[in-house]
Amino acid sequence: MKNLQKILLLCMMILFVSSGLMAQITGDQDVCIDETETYYSSLSGTLTWTITPVSPATFPSGNSLFLTWNVPPGTYTLIADNGAASENLTVQVYATPAPVIDYLENDCNTHEGIEGAGAGVTACDTFCINELVEYAVPDDPLNTYLWTISGGTIVGPDNQSTVYVIWDVAMTGGDFPCGRLTVTETNPAGCSGTDEVFGVSSYPNGTITVSPGISTICLNQSVAFSLSVTGGPFITYSWDFGDGTIVVNSGASPETHTYITSGTYQVVVTASTECCSTSDTVEVIVDNTEGPNIFCISAVCANTVGAEYCTDAVCSTYDWDVDGGVITSAPNQPCITVDWGAGPVGTISLLVGGCSPGLCADTVFATVPIMPDGTFDITGPVVVCQGVTEPYSAPYVPGASYTWTLIPPSGIPVTLPYGMPPYIQDITFSAAGTYQLICSMEHDLLDCVGADTLIIQTAPLLTLSGPASACDGSTVFFSSNYPADWEYNLPITPFGTATTSASTTFPGPGVYHIIASSASVCNSPDSISIVINPLPATPVISGPSVVCPGGTYTYTVSGYSPTASIVWTFTDVSGSIFGYDNSFDLTLPVAFTTGTLSIMVTENGCSNSASITLDAPGTPAPVITTSAANVCPDQTVTYSATLSYPGLSDVEWTISPPSAGTITPGLLPGTVDILWHGNASNTTQTVTLTVTETTCLTSTGTDVITFDIYPRPVIVATGGAFCPGTSFTLTATGGNSYQWFDENSVPVSATVTQQGSYYVVGTDGNGCTNIDYTDVFEYPEPEAFISTPDNVICNDDGTAMTNSIDLYALDNGYTFMWSTGGTTNPITISNLGTYSVTVTDMNGCTNTDTYDVFCPVPVEDTCDTAITPLCACDLFPPTFVQSSPDCNEFTFSSNSTCVGGVFNWTFGDGFSGTGTSVVHSYNQAGYYHVYYSYYDPTCCPPLPEDTVVAVPVAADFAWEVVCNTLTVVDNASFLPPYSIVTWEWDWGDGSPLTYGSAPGVHTYAVPNTYPVTLTVYTAAGCEASYTQNITIGGPAVSTTISPSACNGPVAFAATVLGGNVIDWQWDFGDGFTSGQQNTEHTYDTPNTYTWTLTATDAAGCQTTAT
């Protein structure tokens, strides 16, 4: 139930978290002491968990808490806090129920255990047959209770704290098997506790019946009660007449009682055996008036004739009746005459009517004892068991004397002592055979005597013998003093017929009832009980079976109780060695070859044993089970060997040559991990791997496999350059398959669209790999820019040009294709429209520009001269001065008679300025139309004026860094008819200047950021410069070398300090190499070795350490 609650709680927690609705700690709110629960908080961050009022040990993990509630019962508050918010949960801690069953034992119960029973076997409480036994545990209204029983019946509810039980009846002569009553008490947290008791009904009991039943009698009337008895034997009979009178007898004799007060009375008769009791109840109703008296009541002799009985009541009617005799006179008169029979008792009844004074209307009775005259019948059993005591009785006659004589089988009469009451004798039959019981009766006032002789046969008792306990699987022998048929229960199984001895093997441990039946005895069937104890578990010896002579080894067994007896025995040709504990330290003889180690475990008198054979090892023959497959450099392979004596032997793995690989012990016995190394010449190596198994320091066996270490493939990667907007396909040779990566080690396809460094991992047909590096460069896009120094002149309606203009494209060794079909530069056009040019540089890269030729829109004067007067000044075309040698810088000046206002400039390249004189630099060669205007808020300005300037040249370049090498490509441009005659490169590192449009590459000595500048010059002395700050870098690593003792492996480790290092090449200085960042190497011979590490990053850049 608790597990189901936890599963439901976890599901609710997941639902709350996923929906964002959790608002408090979740977990079990009803728990038991020492119960472990998990609690969850919806808070994030670092949580602090507290419990008040006291805190058990907590084990937080993120937003969960593992908590064992080892606290007293009570109410606790669990709090989670992250510093900004908190959550809490109230938890009720309950004590785990520990019910203790309370009940009253039978007075005879000894509560003894079973002789021979093993530990944990519980004896029964013994009760009377059909006894109703009350069991109870302390009641807690919050808890629930459930009673279960085997071997008995629960009478009434089974879910209360109190229950009533009638136990099943045990078999004759024994008190087993017994029943079990178990109570389970469960608290609101779902925790349970149990208690149990054991019981059986065994003590004999019986029944009694009182007669007459309900009686209605007259005041002062005597009532004669008699008993009918079954079972027993009862020792005492207690009569409670309900009016305060209690009489206790030792026999079941009739009782007469007179009630002197009217009312209703409950007559209770209780008959008790030695351990049990039973009772019966009758009701007597006593009238408030007396009945007629009957006088002349006394004992008479049997067969008396003419006895007279009268009443002095004066009534109109009389109705007499007699039981045990005959009325010989008229039965309706005040007196009657009676002839009595043989007895032993007679009864007279009288019912009268019409009496004066009035009398009770009920019948009155009178009892007349009848003294036997001659023979009578002694009451009692005529067949009895040897050794039992039985009651015998003669007729009860007041005033009579009784003489009892017993003649046993020996023939010697014995006069029995006078008892009370004298008409009853309890006789014990000590011997088997025929008894005569003689009783003589005399009465001093009557002239009659009586006698009777009862012949009693005493049958012998069946006596069984056998052990009280035995071991499972053993043959058990039983015997009896008379031939009998034998069987046992669970289930009923016969195992002997008409025999005084029988044996059997029981099916398993338990308590069995042995039942023997014989027609020759009186107590058939009889039974005895036996406990079959389980054998100890078959010992499992822990320890090696293959051992070395002279060695000391520890052998153990476990799982037995502290009372178990353990005996170890080791035997070989030299003798025996013994041990007596769970652990046995055995030191073997120096000359040991083989022997036997045995163990005997004994519990509850039962034993079990086991043994193993110990042998000294033979010559080991290890077998390498890993196939001798060829390997690649830097491949780690796990090798396994089947050992002849695993756990006992020493195992050594060796490589030849030793420097070809590094051995690391494997996780399992007989395994190693070997890191294989390449060689500096990158050729195939043939190596051998040997496993050597040694036992007892002397005996050795080996196995060898031979295989090759392949060389690494020689991978050659090829890169190149591409124009903007296109792609480049990388190629490689030397392998069967390839995987390309960019300089960030991201896998890419062989076709790339971005410049940069790339590397490829190539795999050959042997599965071996290697790396090569290359670069891809993206050419700069050629400059495409159309300009003109000319102004367009149109007709009056602005629909056509009236002049021709020249269109210029920038040049840097380009070829041209105009939309007009022209291929020269410039071209002359005389029509309005849109023109384009496509330029192609020497790398085959192209670019296109367009130019719109249209009639200029006349500048309208928007100033209202009716409101604002014209400015009293004029504007003329501006003047300019072109700087030298930086010909792309101009100083523009206004050419106007206007003063007091502001001059606004537009330079034709999208930029503007303000002032009488302004300086402006152009970034691109070409022709530019420069306009300026005047603004004065007090007057309407004159129309703007313009001029045209020519920017002959502009510097630009593209670049790529690979390691410490810079590659640059000229991308300067010029305006025809100008041309570039000189390219000057300043590398920023103090090295000599380089000249030319294709300077190639420049190599830097030190990683740093450098200002790289290109300056271009025209024939007229104009120049333009372009500077770019370029960072030169590369990988950086540190190394740690850790030699081991003597000629053991040397550990080589590298740490990346900078860059994306993807390839490591250790040269150990002895002709062997490794391609791992951290590796080990074993040197063949003592010497001084110089090692070298070459680390390569994803761009192919390298650094070395030695």
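Working carefully through the options Pro869, Pro878, Pro856, find the one that is in contact (Cβ under 8 Å) with a residue 12 or more places away in the chain and either surrounded by 13 or more Cβ atoms within 10 Å (Cβ to Cβ) or touching a His at 6+ places or on another chain (Cβ under 9 Å) (or both). So that I can check it myself, show each step before the final result.
Working: Pro869 fails: either surrounded by 13 or more Cβ atoms within 10 Å (Cβ to Cβ) or touching a His at 6+ places or on another chain (Cβ under 9 Å) (or both); Pro856 fails: either surrounded by 13 or more Cβ atoms within 10 Å (Cβ to Cβ) or touching a His at 6+ places or on another chain (Cβ under 9 Å) (or both).
Pro878 is the lone residue from the list that is in contact (Cβ under 8 Å) with a residue 12 or more places away in the chain and either surrounded by 13 or more Cβ atoms within 10 Å (Cβ to Cβ) or touching a His at 6+ places or on another chain (Cβ under 9 Å) (or both).
Keeping to the stretch 585-606, report how many residues are assigned to a strand (DSSP E or B), surrounded by 20 or more Cβ atoms within 10 Å (Cβ to Cβ) and not small (Gly, Ala, Ser).
Here the count works out to 5.
Looking only at residues that are small (Gly, Ala, Ser) and without any contact (Cβ under 8 Å) to a residue 40 or more places away in the chain in the stretch 409-462, which one is nearest to Asp373 (Cα to Cα)? Before the answer, list the steps.
Going residue by residue through the stretch 409-462, those that are small (Gly, Ala, Ser) are 410-411, 419, 430-433, 440, 450-451, 459.
Imposing the further condition that a residue be without any contact (Cβ under 8 Å) to a residue 40 or more places away in the chain reduces the set to 410-411, 419, 433, 440.
On the way: Ser410: 31, Gly411: 28, Gly419: 22, Gly433: 31, Ser440: 11 Å.
So, considering only residues that are small (Gly, Ala, Ser) and without any contact (Cβ under 8 Å) to a residue 40 or more places away in the chain, the one nearest to Asp373 (Cα to Cα) is Ser440.
Might you let me know whether the stretch 649-660 holds any residue that is free of Cβ contacts under 8 Å to residues at least 60 places away in the same chain and among the small types (Gly, Ala, Ser)?
Yes, the stretch 649-660 contains at least one residue that is free of Cβ contacts under 8 Å to residues at least 60 places away in the same chain and among the small types (Gly, Ala, Ser).
If Asp909 satisfies all but one of (1) at negative phi; (2) touching a residue at least 24 places away in the same chain (Cβ under 8 Å); (3) not in a strand (DSSP E or B), what's the number of the condition it fails?
Only one criterion in (1) at negative phi; (2) touching a residue at least 24 places away in the same chain (Cβ under 8 Å); (3) not in a strand (DSSP E or B) is unmet by Asp909, namely (2).
For the stretch 954-966, state whether one or more residues are surrounded by 20 or more Cβ atoms within 10 Å (Cβ to Cβ), of a type in the set (Val, Ile, Thr) and under 16 Å from Asp841 (Cβ atoms).
no
Can you find even one residue in the stretch 768-782 that is touching a residue at least 60 places away in the same chain (Cβ under 8 Å), in contact with a Leu (Cβ under 6 Å, 6 or more places away or on another chain) and within 19 Å of Tyr978 (Cβ to Cβ)?
no
Okay, residues lined up against (1) within 18 Å of Gln386 (Cα to Cα); (2) surrounded by fewer than 17 Cβ atoms within 10 Å (Cβ to Cβ):
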{"position": "Thr434", "(1), (2)": "yes, yes"}
{"position": "Ser440", "(1), (2)": "no, yes"}
{"position": "His443", "(1), (2)": "no, no"}
{"position": "Thr453", "(1), (2)": "no, yes"}
{"position": "Pro460", "(1), (2)": "yes, no"}
{"position": "Thr475", "(1), (2)": "no, yes"}
{"position": "Thr493", "(1), (2)": "no, yes"}
{"position": "Ala498", "(1), (2)": "no, yes"}
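Go through the stretch 153-256 and tell me which strands (runs of 3 or more DSSP E), entirely inside it, have 1 or more residues that are surrounded by 18 or more Cβ atoms within 10 Å (Cβ to Cβ), modelled with pLDDT of 85 or more and touching a Gly at 6+ places or on another chain (Cβ under 6 Å). Write out each step before concluding.
Numbers: elements: 162-167, 179-186, 192-203, 206-211, 215-219, 222-231, 236-240, 246-249.
Where strands (runs of 3 or more DSSP E) fall fully within the stretch 153-256 and carry at least 1 residues being surrounded by 18 or more Cβ atoms within 10 Å (Cβ to Cβ), modelled with pLDDT of 85 or more and touching a Gly at 6+ places or on another chain (Cβ under 6 Å), they are 162-167, 179-186, 215-219.
Which of the residues that make up the stretch 254-303 are free of Cβ contacts under 8 Å to residues at least 40 places away in the same chain, out of contact with any Ser or Thr (no Cβ under 8 Å at 6 or more places or on another chain) and not assigned by TED's automatic domain parsing to the domain that holds Asp243?
Cys296
For the stretch 529-549: of the residues being more than 17 Å from Ser598 (Cα to Cα) and modelled with pLDDT of 90 or more, which is surrounded by the most Cβ atoms within 10 Å (Cβ to Cβ)?
Among them, the one singled out is Cys548.
Here's a check for you: in the stretch 1065-1093, which residue that is surrounded by fewer than 18 Cβ atoms within 10 Å (Cβ to Cβ), among the β-branched types (Val, Ile, Thr) and modelled with pLDDT under 90 is nearest to Tyr773 (Cα to Cα)?
That would be Thr1088.
Residues that are assigned by TED's automatic domain parsing to the domain that holds Asn143 and on the phi > 0 side of the Ramachandran plot: does the stretch 102-111 have at least one?
Yes, the stretch 102-111 contains a residue that is assigned by TED's automatic domain parsing to the domain that holds Asn143 and on the phi > 0 side of the Ramachandran plot.
Could you list, in sequence order, the residues of the stretch 707-752 that are in contact with a strand residue (DSSP E or B) (Cβ under 8 Å, 6 or more places away or on another chain) and closer than 18 Å to Cys845 by Cβ? Before you say what the answer is, go through the steps one by one.
Within the stretch 707-752, the subset in contact with a strand residue (DSSP E or B) (Cβ under 8 Å, 6 or more places away or on another chain) is 707-724, 727-743, 745, 747-752.
Hits for the stretch 707-752 are Gly719, Gly720, Ala721, Phe722, Cys723, Pro724, Ser727, Phe728, Thr729, Val752.
For the subset of the stretch 607-648 comprising residues that are in a loop (DSSP other than H, G, I, E, B) and of a type in the set (S, T, N, Q), which member is farthest from Ala564 (Cα to Cα)?
So, considering only residues that are in a loop (DSSP other than H, G, I, E, B) and of a type in the set (S, T, N, Q), the one farthest from Ala564 (Cα to Cα) is Asn630.
Can you tell me which residues in the stretch 257-300 are surrounded by 13 or more Cβ atoms within 10 Å (Cβ to Cβ) and aromatic (Phe, Trp, Tyr)?
Tyr259, Tyr265
Looking only at the stretch 544-584, which residues are of a type in the set (Val, Ile, Thr) and not in a loop (DSSP other than H, G, I, E, B)? Steps first, please.
Filtering the stretch 544-584 for residues of a type in the set (Val, Ile, Thr) gives 546-547, 552, 554, 556-557, 563, 566-567, 569, 571, 573, 577.
Matches in the stretch 544-584: Val546, Thr552, Thr554, Thr556, Ile566, Val567, Thr569, Thr571, Ile577.
Take the residues in the stretch 21-53 that are out of contact with any strand residue (DSSP E or B) (no Cβ under 6 Å at 6 or more places or on another chain) and hydroxyl-bearing (Ser, Thr, Tyr), then tell me which one is nearest to Ser192 (Cα to Cα).
Step by step, filter the stretch 21-53, then rank; the result is Ser42.
Picking from Asn489, Asn481, which residue would you name as being in contact with a Pro (Cβ under 9 Å, 6 or more places away or on another chain), surrounded by fewer than 21 Cβ atoms within 10 Å (Cβ to Cβ), under 30 Å from Glu603 (Cβ atoms) and not charged (D, E, K, R)?
Numbers: Asn481 fails: under 30 Å from Glu603 (Cβ atoms).
Among Asn489, Asn481, only Asn489 is in contact with a Pro (Cβ under 9 Å, 6 or more places away or on another chain), surrounded by fewer than 21 Cβ atoms within 10 Å (Cβ to Cβ), under 30 Å from Glu603 (Cβ atoms) and not charged (D, E, K, R).
Give the stretch 202-258 a look and list any residue that's within 21 Å of Val368 (Cα to Cα) and β-branched (Val, Ile, Thr), or say none.
Listed by number, the residues that qualify are Val210, Thr216, Ile217, Val223, Thr256, Thr258.
For the stretch 845-881, give me each residue that is closer than 21 Å to Gly821 by Cβ and not hydrophobic (A, V, I, L, M, F, W, C). Can you show your working first?
To start, the set of residues in the stretch 845-881 that are closer than 21 Å to Gly821 by Cβ comprises 846-853.
Hits for the stretch 845-881 are Thr846, Asn847, Thr848, Asp849, Thr850, Tyr851, Asp852.
Can you tell me how many residues within the stretch 559-578 are surrounded by 16 or more Cβ atoms within 10 Å (Cβ to Cβ) and either more than 47 Å from the chain's Cα centre (by Cα) or free of Cβ contacts under 8 Å to residues at least 24 places away in the same chain (or both)?
The number of residues fulfilling the criteria is 2.
Could you please let me know if Val326 is in contact with a strand residue (DSSP E or B) (Cβ under 6 Å, 6 or more places away or on another chain), closer than 26 Å to Ala400 by Cβ, at pLDDT 90 or above and not acidic (Asp, Glu)?
Working: in contact with a strand residue (DSSP E or B) (Cβ under 6 Å, 6 or more places away or on another chain): yes; closer than 26 Å to Ala400 by Cβ: yes; at pLDDT 90 or above: yes; not acidic (Asp, Glu): yes.
In short, yes.
Filter the stretch 826-875 down to residues that are among the aliphatic types (A, V, I, L, M) and assigned to a loop (DSSP other than H, G, I, E, B), then give me how many there are. Before you say what the answer is, go through the steps one by one.
Restricting attention to the stretch 826-875, the residues satisfying the condition of being among the aliphatic types (A, V, I, L, M) are 827, 829, 832, 837, 839, 842, 853, 857, 859, 866-867, 870, 872, 875.
Retained after the next criterion (residues that are assigned to a loop (DSSP other than H, G, I, E, B)): 832, 842, 857, 859, 866-867, 872.
Number satisfying all stated conditions: 7.
Restricting to strands (runs of 3 or more DSSP E) lying wholly in the stretch 693-765: which have 1 or more residues that are touching a residue at least 40 places away in the same chain (Cβ under 8 Å) and within 49 Å of the chain's Cα centre (by Cα)? Give the steps one after another, and end with the answer.
Details: elements: 699-709, 716-718, 720-722, 731-733, 737-742, 756-763.
Result: 699-709, 737-742, 756-763.
Sort out which residues of the stretch 912-963 are on the phi > 0 side of the Ramachandran plot and in a strand (DSSP E or B), and write them in order of number.
Gly926
Here is a list of conditions, (1) under 22 Å from Asn971 (Cα atoms); (2) crowded, with 19+ Cβ neighbours inside 10 Å, and Thr1003 meets all of them except one; can you say which number that is?
Tallying (1) under 22 Å from Asn971 (Cα atoms); (2) crowded, with 19+ Cβ neighbours inside 10 Å, Thr1003 fails exactly one: (2).
The values are calculated or read from the model by the stated rules, or taken from the named source; none is laboratory data. Everything quoted here is computed from the prediction, not taken from an experiment. Neighbour counts run over all protein chains shown; Cβ positions are idealised from the backbone, glycine included.
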